Structure formats: C-alpha cells, structure tokens
Amino acid sequence: MKILTTALFAVLMLSKRLRLTQWLSLLILTAGVAMVQVVKTDSVAAKSVPDGSPMIGLMTVVVASCLSGFNGVYFEKVLKGSSQSLWIRNIQLSVFSVIIAFGSVFINDGAAVAEKGFFQGYTYATWAVITLGVLSGITVALVVKYADNILKGFAVSISILISSFVSYYFLNDFEPSLGFVVGSSMVMLATFMYGVDFSKKPSMKQS
C-alpha cells in the first residue's frame, strides 16, 4: 500500500503527472510485491492471534502506509526545494537519529558500555552491515534527490527479489514457490510498463 500512497502524495504535493499505464504498473507492482512477501506456512498460522481484530489491523496498516508515503514525498520536496546541499541536509536530519540512538543505548546498556566500551562484540560482519547501511542511506537520498520516491519504490521491490535469489542460491534458506515466481514476473512487468510510454509511436526512418 505504501507504493500507492507514495504515488498519490507525489501527485498531490509535487504535481507529478502519471500516465494511465504507470498507474496500472503501480497496481501490478503492489500485487507482485505482496505475492512475493506473503508466505503461508503452518508455523505462521500457529502463531496467529485468534483474539486480534482484523479491522484494527487493517486500519493500522492503512494509517502507517499513508504516513510513510507522506513522509517520503515530503522528504523529496524538502531535498529538491532546498538550497542546502544533499550532504548538509543528510547531516541535519541524522542529528535527531543520533540523539535518539545514543539515548536508547545508554538507557538500556549504559552499564555494559561503561564497563566494556561502546564497540564491544563488534566483528568484521558487524562493520560490514554498518557500512552497507550507510551506503544504502546515501543511495536512497541520491535517488530521491535526482529521481523520485516512486522509482525508489521500484528499486526496493526489485531488491526484495534479489534478496530472495541470494537466500536461495547462497544461504539455502528459501524455497521459491509458484506465488514467488508469479509475483516476481509481475514486478518485472510493472518495472517495464512504468518506464515505457506506449502513447508514443516509434518514428519510422526513411532510407
């Protein structure tokens, strides 16, 4: 749903125009990602909460999707409408996260940090994950700055497919199903449809 709410807020807040085929591609992308991510297993069914309210859950998802879509589009508007450089804007926004993160660390693990230091237990794998997170954040900011949130949604969707393939071929902890194959095909089709303008007729070159 975040894919659709992002597109809706982009139209409302940034006056972005989407062709009918692009709206259709977003619907196909949403359905494809849902099929890829939804895995029905007996363990999940066993852990389901019988007393939960489906209506409250649905409303929570809708509100979260709207807030997430609005947040992404507003961030894009700030980046593209600001005279500050991308790097300065990133530093300004990260200050809030740093304060909250350090506060959480010292509230929950202050004694352990004081005794053994902040970087206790860090390994090469830990630093690799941190580095990938940093590069991912910078890449997202660049995509939002020079492209838009809708294309970022396509990139995230394709990254889900890549992660699934890596899990299957290298980690052996994922078994593709028919739903995964169909969903993956829908994601690829949606990506192609969004980038192609079918209303333009190819020009015929005369020899």
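Listed here are the residues, each with its yes/no results for (1) more than 18 Å from Met186 (Cα to Cα); (2) of a type in the set (Val, Ile, Thr); (3) surrounded by 15 or more Cβ atoms within 10 Å (Cβ to Cβ); (4) at pLDDT 90 or above.
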position	(1), (2), (3), (4)
Arg17	yes, no, no, no
Gly32	no, no, yes, no
Met35	no, no, yes, no
Val44	yes, yes, no, no
Pro50	yes, no, no, no
Met59	yes, no, no, no
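For the stretch 64-82, check the following and say yes or no: at least one residue is at pLDDT 85 or above and surrounded by fewer than 12 Cβ atoms within 10 Å (Cβ to Cβ). Even if it seems obvious, please write down each step before you answer.
Initially, the stretch 64-82 is screened for residues at pLDDT 85 or above, giving 64-74, 76-77.
Next, only the ones that are surrounded by fewer than 12 Cβ atoms within 10 Å (Cβ to Cβ) stay: none.
No: zero hits.
If the Cβ limit is 6 Å and pairs must be 6+ apart or interchain, which residue in the stretch 52-66 that is among the small types (Gly, Ala, Ser) pairs with which residue that is not in a helix (DSSP H, G or I)?
Close Cβ pairs (under 6 Å, with a partner that is not in a helix (DSSP H, G or I)) amount to Ser65/Met1.
For the stretch 83-190, which fully contained helices (runs of 4 or more DSSP H) count at least 3 residues that are surrounded by 11 or more Cβ atoms within 10 Å (Cβ to Cβ), touching a residue at least 60 places away in the same chain (Cβ under 8 Å) and in contact with a helix residue (DSSP H, G or I) (Cβ under 9 Å, 6 or more places away or on another chain)? Walk me through it before giving the result.
Details: elements: 86-116, 124-146, 149-166.
Of the helices (runs of 4 or more DSSP H) lying wholly inside the stretch 83-190, those with at least 3 residues that are surrounded by 11 or more Cβ atoms within 10 Å (Cβ to Cβ), touching a residue at least 60 places away in the same chain (Cβ under 8 Å) and in contact with a helix residue (DSSP H, G or I) (Cβ under 9 Å, 6 or more places away or on another chain) span 124-146, 149-166.
If you take the residues of the stretch 172-207 that are among the aliphatic types (A, V, I, L, M) and at pLDDT below 80, which of them is farthest from Phe154 (Cα to Cα)? So that I can check it myself, show each step before the final result.
Just the residues of the stretch 172-207 that are among the aliphatic types (A, V, I, L, M), to begin with: 178, 181-182, 186-190, 193, 196, 204.
Next, only the ones that are at pLDDT below 80 stay: 196, 204.
On the way: Val196: 14, Met204: 32 Å.
Across the stretch 172-207, the extreme among qualifying residues is Met204.
The values are calculated or read from the model by the stated rules, or taken from the named source; none is laboratory data. Nothing here was measured: the structure is a model prediction, and the numbers come from that model. No Cβ is skipped: glycine too gets one built from the backbone with ideal geometry, and neighbour counts run over all protein chains shown.
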